[in-house]
């Protein structure tokens, strides 16, 4: 198989993704650093090589080096190695690092609308979310939101549909959320707060010890693949679905606008193409591995899979309406982001109903 770097970089849209995937498959090793090469520092919010986003971050760093033939290399620093996991946004904004791999849901304290770019409760599915960003005006609004911080955001990871979470005790009704301490960042945390829970914000590397020690009673994270790698099944055996709080799991590459614009045009295209490829690769990886891991958790680890009680889901839907209405009123840009997201859900929803939803119902029918 012979693919030139020029072929990859001159394609646009889906062809660019195909080209990057082909080139990555054909390349067996990261090339040696080229003479006069540029080196970027990447900081992440993930434990080193965490299945899912941690592995994706390394793939992104490696692919940038490969596609650039070693002219642009990226040295990865896992959570805490250079900066704390929840300070990577500031690290890129201030120039400590040129790129970060993380998730928008962590930045609600800086920008109320940021979590939408990961997911919104009862919102867009993974494919719908990608469609909103690429075709529905989402990227332009995301750029506008981050630009004052000197950052260009790219979709660069997707962990797919999320699970509802790990609970020490079985939930029998919405009343069981009263006083429950649960790790849940983003908009989902605001929703469960209206159900009576106490949302707790924790970096990924701090979740297990907090659950084990009783600092929290429950936690959500990602899907079965990444969750099992974190070891939650060792201390909580009730695994709930659906993940109404995050029906999608978009992670991001935060790139310094100054550093990006200092690159020649072809290396700027390398960064964008690499992000696009790992975003799609990670979604496929998550789907495959989540199916495998869920079976293992039930068969080998004694985990009980449970559906949220119907009154929990009904209360959460009602709370979501209130949370999104409050969010839309924060400021003009946040309101426009919420309106765009809702508009995408309406535009895509009818088609999803007669395509994906109808087909899955038919496929599962007796």
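The numbers here are math on the coordinates, done by the rules we state, and not lab data. A quick note: this is a predicted structure, and the numbers were derived from the prediction, not measured. Cβ: placed from backbone, ideal geometry, glycine included. Neighbour counts: every protein chain shown.
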Inset, instruction - Among 239, 161, rank each residue by its count of other Cβ atoms within 10 Å, from fewest to most, as a rough exposure measure. - result: 161, 239
Legend entry - Relative contact order computed over the chain (Cα-Cα under 8 Å; 6+ residues apart), in percent: 22 percent
Legend entry - Tilt relative to the chain, helix 53-67 - C-alpha long axis, 0 to 90 degrees, to 10: 20 degrees
Legend entry - Under 20 Å from the residue 110 label point (7 Å along Cα→beta-carbon), backbone N, segment 36-72: 40-47, 53-54, 57-58, 61
Legend entry - Residue exposure sequence - 252, 128, 144 - by fewest surrounding Cβ within 10 Å: 144, 128, 252
Legend entry - Volume of the Cα convex hull of segment 294-335, divided per residue and given in Å³: 99 Å³
Inset, instruction - Give, as ranges by residue number, the residues of segment 91-105 whose backbone N falls under 16 Å from the point 7 Å along Cα→Cβ of residue 330. - result: 103-105
Legend entry - Full-stretch length increase - residue 194, residue 351 - with 0.36 nm per residue and alpha-carbon distance subtracted: 53.4 nm
Inset, instruction - Kindly identify segment 235-293 as rounded, prolate or oblate by the Cα gyration tensor criterion: order the square roots of the eigenvalues as a ≥ b ≥ c, call it rounded if a/c is under 1.5, otherwise compare a/b with b/c, prolate if a/b is larger, else oblate. - result: prolate
Inset, instruction - Quick one: divide the alpha-carbon radius of gyration of segment 43-198 by 2.2 N^0.38 Å and tell me what you get. - result: 1.15
Legend entry - Prolate/oblate/rounded label for segment 164-262 (Cα gyration tensor, a/c 1.5): prolate
Legend entry - R0 of 25 Å, Cβ-Cβ distance residue 34-residue 265: FRET efficiency to nearest 0.05: 0.90
Legend entry - Area projected by the alpha carbon convex hull of segment 93-140, averaged over all directions, nm²: 4.2 nm²
Inset, instruction - Take the alpha carbon atoms of segment 75-96, find their center, do the same for segment 163-186, and report the distance between the two centers in whole angstrom. - result: 31 Å
Legend entry - Rough spin-label spacing in nm, given labels placed 7 Å along Cα→Cβ, for residue 299 and residue 49: 2.6 nm
Legend entry - Shape metrics for segment 186-244, restricted to C-alpha atoms - Rg then Dmax, Å: 11.4, 30
Inset, instruction - Please report how far the C-alpha centroid of segment 288-350 lies from that of segment 126-152, rounded to the nearest whole angstrom. - result: 19 Å
Legend entry - Overall form of segment 113-191 per C-alpha gyration tensor (a/c, 1.5; a/b vs b/c): prolate
Legend entry - Long-range Cα-Cα pairs in the chain (distance over 28 Å), rounded percent: 44 percent
Inset, instruction - Using only Cα positions of segment 239-366, each an equal point scatterer, no hydration layer, compute I(q)/I(0) via Debye at q = 0.16, 0.17, 0.19, 0.20 Å⁻¹ and quote the log10 values to two decimals. - result: -1.26, -1.31, -1.35, -1.36
Legend entry - Distance in nm between pseudo-label sites at residue 317 and residue 144 (7 Å out along the Cβ direction from Cα): 3.1 nm
Legend entry - Listed residues 335, 251, 36, most fluctuating in the chain (Gaussian network, C-alpha, under 10 Å): 36
Legend entry - Residue list for segment 234-257, given a label point 7 angstrom along the Cα-to-Cβ vector of residue 168 and an amide N cut-off under 16 Å: 234-239
Inset, instruction - Starting from the Kirkwood radius over alpha-carbon pairs of segment 158-211, derive D by Stokes-Einstein at 20 °C in a medium of 1.002 mPa s and give it in µm² s⁻¹. - result: 178 µm²/s
